[in-house]
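Here, each number is a calculation from the coordinates, and none is a lab measurement. No experiment lies behind these values; they were computed from the predicted model shown. Because the Cβ atoms are built from the backbone with ideal geometry, glycine has one as well, and the counts that use them run over all protein chains shown.
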Ligand code: AQP
């Protein structure tokens with residue numbers, strides 16, 4: 001359990017409850033693993049409910065091939081389980097099967113302000129110069145994400161750094177709802193962002209995030225890559241001619257070098273300072289093969305287990321269906337109470 005979870009939520013009235021999700025918008029990357037899944041596993045505890053979701057409704061904010069979406073949904077579920085999420089302990093399900101997410105999302109569309117959405121940097125990054133042509137869903141994504149979290153009265157949300165702004169917006173939505181309806185119904189969820197892997201960067205450009213949907217396969221490590229591919233991708237990863245410095249401060253303005261050090265640190269459960277202390281003065285000819293070997297050692301058991309799970313899609317579907325039932329048991333009364341607070345007549 002992380003320190004952040006041991007601390008109370010800002011709302012003492014709410015019991016600790018962890019929620020997070022991953023979009024099935026492609027194959028899982030090392031960024032998803034280190035920034036999210038590995039930390040979700042660390043946050044499982046019999047002392048509180050943890051809810052991990054495959055957020056398929058978020059995936060369709062950009063075009064997804066229907067058959068590939070189903071496979072990617074099962075693959076994210078397999079990735080969670082292969083990395084150590086235990087579906088008998090955590091609630092594991094896919095978002096679309098619990099219709100309360102979309103229903104609360106609509107209520108929050110009516111609470112959130114357009115000005116708030118206009119400040120979301122992820123929308124600006126994803127829409128780019130094409131903002132007129134992207135889906136309305138991509139723009140409204142953060143209010144659906146607020147619904148995902150608040151539907152369970154979640155108090156702690158482990159995410160990578162790129163999602164921090166969306167969790168902050170979730171707090172704004174909860175506050176405005178509570179204020180407008182003179183209630184304290186929704187908690188102010190805390191983003192849990194910690195460790196060296198909060199933003200794993202693209203292997204070809206250390207100023208851009210590693211993403212599932214990035215253009216080139218060489219810019220990311222996929223959770224399903226084999227040992228040869230992982231070694232090749234790290235070997236070809238962009239770096240600079242300098243050896244590793246004596247201190248972490250020496251990596252300032254060297255984003256690609258810093259990224260590889262952070263990846264090594266996260267994979268080996270060390271701080272980035274400890275990695276620099278071990279490799280001070282080393283060249284890339286030494287560091288990159290060591291990093292590739294470590295990545296293969298950590299990822300191979302997970303990808304082998306993912307492949308085994310993916311061989312039995314019906315079993316994954318059964319696990320997700322069971323998780324949806326458990327999720328609905330929490331979500332339905334919270335949505336019913338929300339409707340009551342808002343004044344939606346139940347005739
Ligand atoms: N590069 C990353 N470093 C650290 N954490 C990351 N996460 C994603 N990429 C990195 C974290 O993984 C969780 C799930 O993210 P998501 O799949 O729902 O959305 P995303 O952040 O938009 O992921 P991608 O890979 O970039 O997907 P595409 O390319 O489809 O948009 C989140 O906690 C996220 O912070």
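Descriptive notes on the structure:
- Peptides ranked, highest mean first, by Cβ atoms within 10 Å: ranges 324-335, 183-194, 122-133: 183-194, 324-335, 122-133
- Across 210, 306, 117, mean-square fluctuation computed from a Gaussian network of the chain (C-alpha pairs under 10 Å connected) peaks at 117.
- Annotation: Cα Rg of the stretch 86-126 relative to the compact-globule expectation 2.2 N^0.38 Å equals 1.64.
- When DSSP beta bridges are restricted to pairs lying wholly in the chain, around 20% turn out antiparallel.
- As a length-normalised measure over Cα pairs under 8 Å and 6 or more apart, the relative contact order of the stretch 217-308 settles at 36 percent.
- FRET efficiency, 1/(1 + (r/R0)^6) with R0 45 Å, evaluated for residue 124 and residue 99 via beta carbons: 0.90
- Stretchable slack from residue 175 to residue 70, in nm (0.36 nm times residue separation minus alpha-carbon distance): 34.3 nm
- Residues in the stretch 145-172 reached by a label modelled at residue 15 [backbone nitrogen below 15 Å; 7 Å Cα→Cβ]: 152-156
- Stokes-Einstein diffusion coefficient of the stretch 217-308, Kirkwood radius over Cα pairs, 20 °C, 1.002 mPa s, in µm²/s: 158
- Dividing the summed helix terms, -39500 (n - 2.57) for each DSSP H run of n ≥ 4, by the number of residues in the chain produces a 222 nm estimate of -15500 deg cm²/dmol to the nearest 500.
- Equivalent ellipsoid dimensions for the stretch 39-111 as semi-axes, Å, which come from the Cα gyration tensor, largest first: 23, 19, 9
- Globularity ratio of the stretch 190-251, using Cα Rg and 2.2 N^0.38 Å: 1.30
- Highest average packing first - 273-283, 13-23, Cβ atoms within 10 Å: 13-23, 273-283
- For the chain, built as a Gaussian network whose Cα springs stay under 10 Å, the top-fluctuating residue of 161, 225, 240: 240
- Helix 136-150 and the long axis of the chain differ in direction by around 80°, with both axes built from C-alpha atoms.
- Rg [Å, one decimal], Dmax [Å, integer] - the stretch 1-136, C-alpha atoms: 16.5, 47
- Acute angle (nearest 10 degrees) that the helix 284-310 long axis makes with the longest principal axis of the chain, alpha-carbon atoms: 40
- Centre separation in Å (Cα based) which lies between the stretch 153-173 and the stretch 51-126: 14
- Projected-area average for the chain over all orientations - Cα convex hull basis, square nanometres: 18.3
- Applying 1/(1 + (r/R0)^6) with R0 = 35 Å to the Cβ-Cβ distance of residue 300 and residue 117 gives a FRET efficiency near 0.25.
- Cα coordinate range in the stretch 110-149, projected on the principal axes (Å, largest first): 29, 18, 15
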